[in-house]
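Report on the structure given below.
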Amino acid sequence: MVANTPARTNDPVDEIETSSEVQVMSQRQLIWRRFKRHRLAMIASIIVALFYVVVVFADFLATSDPQDIEAARQYTPPQWVRFFDGIKPDLHTCSMTGKRDEFLRKVYERDCDRKIDLRLFARGYEYKFLGIKLDWHLLGVSDPSIRAEDTIFILGTDVQGRDVYSRLMRGTRLSLLIGLFGIVVSLFMGTMLGAISGFYGGIVDNLIQRSIEIIRSIPTVPLYLGLAAAFPADWSVERRFFAITIVVSLFAWTELARVVRGRFLAMRQEDFVTAALVSGASRRRIIFRHMLPSFYSHIIAASTLALAFMIINETVLSFLGLGLLPPAISYGTMLFTAQNIQTIALAPWLLTPGIFVVILVLSLNFMGDGIRDAADPYGS
Amino acid sequence: MTAETPTQANRLASNTDDAVLSVRGLQTHFFTDEGVVKAVDGVDFNLKSGETLGIVGESGCGKSITAKSILQIVEAPGRVVDGQILYRGEGDEATGKSTDLLQLKPNGSEIRAIRGGEISMIFQEPMTSFSSLHTFGNQILEALRLHTDLDKSEMFEVAVDWLDRVGIPNPKQRMLEYPYRFSGGQLQRAMIAMALCTNPRVLIADEPTTALDVTTQAQILELLMQLKEENNMAIIFITHDLGVIAEIADDVTVMYLGKVVESGPIMSFFDNTRHPYSRALLTSIPSMYTESRARLPSITGSIPHPQNRPSGCPFHPRCESFIDGVCDVNEPMLSKVSEDQQASCFLYTET
Amino acid sequence: MFIFILRRAIYAIIAMWAVSIISFVIINLPAGDYVTTYIATQIATGNLILAEEAEGLRELYGLNSPIYVQYWKWISNILVGNLGYSFEFTQPVREVVQLNLLNTLLLGLGAILFIWIVGVPIGIYSAVKQYSPGDYIVTFFGFLGLGIPDFLIALVVAYLLLDLTGFLATGLFSAEYLSAGWSFGKAWDLAKHMILPVIILGTAGTATLIRITRANLLDELKKPYVTTARAKGVSEFKLVMKYPVRYALNPVISLTAYILPFIISGSVVLSTVLDLPTLGRDFLRALLAQDIYLSGAIILGAGWLTIVGTFFSDLLLAWIDPRIRLEEE
């Protein structure tokens, strides 16, 4: 088809260069414009961005050492940070005193006469940021002789007296990292197999499609559980992390592969591809200049949805005690301590990681949907 | 077909004495996110009982929407906003009374009794106008169930009889089959049978032959004309094909951008075409007598976007007889231009 | 039609074979073999096993033979109903499975019924009344239902119930019926305890179904055959129910097969949270204890069930949609 196109007097490549430039720009702008119109998706993206801020600055945002254990602080209820004393601006928190009641349960009392002054950018536990040892935290106690671990409980403490808020910051980091690594793995598998399937078609396509169908028809959780259960409990945290990442992404790639293949097939018949082909553009040029730009957004959308899927799966696995194991901190391992309904009744704040999961997953879903809608400028 | 020129015809717009259906000042607008589209913007015509009215125009001129407005089946976001559709039912002839269909409750039982019962409609794409999940018999019997009091076996007989009349072979067996087994032409025949089995007084045919090949087209037209004679019904025939109009219509109405630009009896129309748009349409029909390699004349420009309606006469940007300072400023009204013809053009009013 | 069934059946058998291999691999993943684990548990309970006895056991289970022979032994045993022995429950796997199979199936069927009964009508309503406040509310809750993992809903609902009403929503039976024989009272008690798990298990599926029904119906409502029917004088309600809903139901049926794996997955997690006596709970226990024959049998069973479900939904689809029959002819 390309060879048969009669050569024009003026250089056709130049013409396409400029015209395709305009095409790519306008397509991106179109997508961006449509995405901005999707207000919910915009809000969702901002929330997702905030989560990633937490991933980077988890330790800075945390107030206490997330692994600091103290039985005396068991199940301390959330202790709000106050910004005013009366009308006077004063960053402080009230002190907590705990004693056991007749059922031997810990009962805490707030004592606002003995307030503890707080300050921003305080020194606290030591952590490593990009390999540098730091001890700065967003919020801390003014008096250097008092430890934040014993005083600030923004979201209460768990059974071992560890600060739920600080653990949540670190848990966010790990859960989102699992998702990110998982995306890389499944993107690689999904795009590769999807593209192969869409490009070659025929028997190869059929084989890959049937395998995907089979994989999709297997209930995933039992499989995940089965695989995760096979990992020895004595593996190191890192090793387990990578193993779980692979397990989680093992089944997420099918959706990506399906999307990529579908786009490939649809695109081959798209008018603008034919048009580019007829006007003498090379195959590579068509793929990179014309097909990929309208491709990215679909892949991003599918990845966003897959990310949500993987975060849920990690949470479920760890929640059941088969994913990450303590001392690793993730949403799932945190919720593991809230498996029992009686425990939740005693300390409902243990469910806060669940709220984070819900907000994150919903935001990712809205964002993914927004991108998908925007990527289809001529769709509904 | 002899075109009669009744003396009443020169009072077209006002006279509804012998009209079974009379549309007056019909306005159907579409309320989209981008703004209001005036798909039908003041349409008048009369359909005389037992006659065929052809409505002609390019795609997007509002002819299908006009048809759907008559039955009140315009899909959202479209809505009939103004006008009258006066229908004279079976018993109304003696009393001279007529019903304004637009005053009936949309989807109420009265309008539904008229839809498919007294005014039937057939559509452009026979292939998609049937549900492929239901047998053909199921769909034709539905019309009979809604509009007749026959019992089951009688209905079946009527349906089979109609399929036979429209020329579908082996009708009894066909009743039990699914539409995908029919060809396009057969489906259009079947749709005609479905529309006519309730003996309607008016048939609205919305480009019924457009999707069919030429031979089938001719057969379907012939069938329609024959059934019209047999059943004494009136037909509104919507098409973009003036050749078809010439063959079957008694009267013709030309639409452009939601408005009627010309109307009159078929003979007068072809003998003495008035509106420049109608003339342009006529010259773009291929003829046996033109030079074989000559380029077919086409109307310059294209139909403007409905939201981007030109000022003055909607046709002026494409008009050959454009009068500067007149056509782009004022909007011409539909008015009498000869004994029996009407047109909306300043060529006939301003001079 | 016959060719269609045959082709689908062949796919199903291939898929079942693939699942059996995956299950077998999972069973064999943990370090050490079945007999090693068995000896360890026996020693833990104070029984000593002689080396010859261990070797005899290995011979019996074919653990010394090559892996494909082991697979063959395992799968052929399963096909004749011998599912192996569970250490964790110290009884044959078959008996463990039989004990809770009914509860498990009831829960799953209940959830599917719930999804259908709630999802389809709401989806239809949402499409017919597009952009109405009701549609927006439905869409919003649909998103929530999809986004929140089952176990979190279960935790929160159970906590709220306990906190507000004092009702402990765990288990499937009240204490007085736990060991009682089957009676009307026991069945009623079971039904009461099933409601919450069924709703929670069905949430995500319902949300999906609403979305799909709505999207499909919106497409179908614009089709010419709807206009034809309308022009015939069919009333709006009958029209929607007879034609587009019928069309929109096809994807709904194929979706049921697609939901099945999620229901099975969901019931594992939910059973743990709400302490339901189902195979899901047994499965988790088996996994944590590396009780491979039980966990393998459950993975295999869940997979096979899904495949068979998909097969039947394909048949159903072909039966109600003449176009599919045509394609395959």
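Any read-out appearing in this document is the output of simple, stated calculations on the displayed coordinates, not a laboratory observation. Just so we're clear, the structure is a prediction, and the values are computed from it rather than from any experiment. When we count neighbours, we look across all protein chains shown, and the Cβ atoms used for this are built from the backbone with ideal geometry, even at glycine.
Amide H neighbours of A:Asp85 under 5 Å, at least 5 residues apart or on other chains, H built in the peptide plane: list them.
Excluding prolines and chain starts, which carry no amide H, the hits are A:Asp90.
Over the range A:80-120, with a single point scatterer placed on each C-alpha, what log10 of the ratio I(q)/I(0) does the Debye formula yield at q = 0.16, 0.17, 0.21, 0.35 1/Å?
Taking Cα atoms of the range A:80-120 as identical point scatterers yields -0.48, -0.52, -0.66, -1.15.
Can you tell me what percent of all Cα-Cα pairs in the range C:227-329 are more than 17 Å apart? Display every interim value, and only then the final one.
Numbers: 3473 of 5253 pairs.
Of all Cα-Cα distances in the range C:227-329, 66 percent exceed 17 Å.
From the square roots a ≥ b ≥ c of the eigenvalues of the alpha-carbon gyration tensor of the range C:111-172, which class results: rounded (a/c under 1.5), prolate (a/b over b/c), or oblate? Intermediate values should be presented prior to the final figure.
Numbers: a/c = 2.67, a/b = 2.07, b/c = 1.29.
Judged from the Cα gyration tensor, the range C:111-172 comes out prolate (a/c at least 1.5, a/b above b/c).
How many nm is it between the label spots at C:Lys223 and C:Ile14, if each spot is 7 Å from the Cα in line with the beta carbon?
Label at C:Lys223, label at C:Ile14, 3.0 nm between them.
With both bridge residues required to lie in the protein assembly as shown, what share of the DSSP beta bridges run antiparallel, to the nearest 5%?
Working: 54 of 73 bridges.
Counting DSSP beta bridges with both partners in the protein assembly as shown, the antiparallel share is about 75 percent.
For the range C:76-140, count all C-alpha to C-alpha pairs, find those more than 15 Å apart, and express that count as a whole percent of the total.
Value for the range C:76-140: 69 percent of Cα pairs lie more than 15 Å apart.
Just list whichever of B:Lys63/B:Lys336; B:Lys97/B:Lys228; B:Lys97/C:Lys222; B:Lys259/C:Lys222 have alpha carbons separated by over 32 Å in the model shown.
Working: B:Lys63/B:Lys336 22 Å; B:Lys97/B:Lys228 24 Å; B:Lys97/C:Lys222 36 Å; B:Lys259/C:Lys222 26 Å.
Going by Cα-Cα distance, B:Lys97/C:Lys222 fall outside the 32 Å limit.
Cα to Cα, under 21 Å, and not fewer than 8 places away if on the same chain: which lysines meet these conditions relative to C:Lys192?
The reachable lysines, counting only those whose Cα sits under 21 Å from C:Lys192, number zero.
Taking only the C-alpha atoms, wrap a convex hull around the range C:196-274 and report its volume per residue in Å³ as a whole number. Intermediate values should be presented prior to the final figure.
Values: hull volume 6.1 nm³, N = 79.
Measuring per residue, one finds 77 Å³ for the Cα hull of the range C:196-274.
Starting from the amide H of A:Val107, placed 1.01 Å from N in the peptide plane, find each other amide H under 5 Å away whose residue is 5 or more places distant or on another chain.
Here the answer is A:Lys99, A:Arg100, A:Asp101, since their amide H atoms fall under 5 Å of that of A:Val107.
A:Lys106: which lysines have alpha carbons under 26 Å from its alpha carbon, excluding same-chain residues fewer than 8 sequence positions away?
The reachable lysines, counting only those whose Cα sits under 26 Å from A:Lys106, are A:Lys115.
Once amide H atoms are placed 1.01 Å from N in the peptide plane, what residues at a sequence separation of 5 or more from B:Thr52, or on another chain, have their amide H within under 5 Å of its amide H?
Long-range HN contacts for B:Thr52: B:Ile235, B:Asp250, B:Asp251.
Would you mind giving the three semi-axes, in whole Å and largest first, of the ellipsoid equivalent to the range C:155-213 according to its Cα gyration tensor? Show your work: numbers first, answer last.
Values: eigenvalues 141, 58, 10 Å².
Semi-axes (√(5λ), whole Å): 27, 17, 7.
Would you mind listing how long the protein assembly as shown runs along its three principal axes, going by Cα atoms, in whole Å with the largest first?
Result for the protein assembly as shown: principal-axis Cα extents of 114, 76, 69 Å.
Over the range B:150-199, what portion of Cα pair distances is larger than 14 Å, expressed as a whole percent?
On the way: 576 of 1225 pairs.
Summing the P(r) tail past 14 Å for the range B:150-199 gives 47 percent.
May I ask you to sort A:Tyr224, B:Tyr180, A:Tyr127 by Cβ crowding, counting other Cβ atoms within 10 Å and putting the fewest first? Don't skip to the end; give the middle numbers.
On the way: A:Tyr224 24, B:Tyr180 13, A:Tyr127 18.
The fewest-first ordering by Cβ neighbours comes to B:Tyr180, A:Tyr127, A:Tyr224.
Please compute the Cα-Cα pair-distance distribution of the range B:160-226 with 10 Å bins starting at 0, giving whole percents from short to long.
The calculated distribution, bin by bin, is 20, 56, 24, 0.
Express as a percent, rounded to the nearest 5, the fraction of DSSP beta bridges in the range B:192-269 (both residues included) that run antiparallel.
Working: 6 of 11 bridges.
Roughly 55 percent of the DSSP beta bridges within the range B:192-269 come out antiparallel.
Using only the alpha-carbon atoms of the range B:104-150 as identical scatterers, what base-10 log of I(q)/I(0) does the Debye formula give at q = 0.24, 0.29, 0.30, 0.31 Å⁻¹?
Calculated log10 I(q)/I(0) at the listed q: -1.01, -1.10, -1.11, -1.12.
Taking Rh as the Kirkwood radius, which is the inverse of the mean 1/r over Cα pairs, what is the Rg/Rh value for the range B:162-298?
Numbers: Rg = 17.5 Å, Rh = 16.9 Å.
Reported Rg/Rh (Cα atoms, Kirkwood Rh): 1.03.
Spelling out what I want: for every residue of the range C:106-118, take phi, set θ = phi - 60°, compute 6.51 cos²θ - 1.76 cosθ + 1.60 (Karplus), and round to whole Hz; glycine and proline get x.
Residue by residue, the range C:106-118 yields 4, 4, x, 4, x, 5, 5, 4, 4, 4, 5, 5, 8 Hz.
What Kirkwood radius, in Å to one decimal, follows from the Cα pairs of chain C?
On the way: mean 1/r = 0.0437 Å⁻¹.
Across chain C, the inverse of the average 1/r is 22.9 Å.
What are the principal axis extents of the Cα atoms in chain B, in Å, biggest first?
67, 53, 47
Taking the Cβ of each residue in A:Lys128, A:Lys115 as the centre, tally the other Cβ atoms inside 10 Å and list the residues starting with the fewest.
On the way: A:Lys128 9, A:Lys115 14.
Fewest-to-most ranking of A:Lys128, A:Lys115: A:Lys128, A:Lys115.
Once a ≥ b ≥ c are taken as the square roots of the eigenvalues of the Cα gyration tensor of the range A:52-131, is the result rounded (a/c under 1.5), prolate (a/b larger than b/c) or oblate (a/b not larger than b/c)?
Working: a/c = 2.75, a/b = 1.29, b/c = 2.13.
Oblate is the answer for the range A:52-131, as a/c is 1.5 or above yet b/c matches or exceeds a/b.
Considering Cα pairs under 8 angstrom that are at least six residues apart, work out the relative contact order of chain B and quote it in whole percent. Walk me through the numbers before you get to the answer.
Working: 641 pairs, mean separation 71.3, N = 351.
For chain B, the relative contact order is 20 percent.
Could you work out the mean projected area of the convex hull around the alpha carbons of the range A:143-220, in square nanometres to one decimal? Working shown, then result.
Working: hull surface 34.5 nm².
Orientation-averaged projected area of the Cα hull: 8.6 nm².
If each residue's Cβ is checked for other Cβ atoms within 10 Å, how do A:Leu168, C:Leu316 rank with the fewest at the top? Don't skip to the answer; put the middle values down first.
Values: A:Leu168 25, C:Leu316 15.
With the fewest neighbours first, A:Leu168, C:Leu316 line up as C:Leu316, A:Leu168.
Please list 3J(HN,Hα) in residue order for the range B:308-321, calculated via the Karplus relation 6.51 cos²θ - 1.76 cosθ + 1.60 where θ = phi - 60°; whole Hz, with x for glycine and proline.
Using θ = phi - 60°, the values come out as 10, 5, x, 6, x, 5, x, 8, 4, x, 10, 7, 7, 9 Hz.
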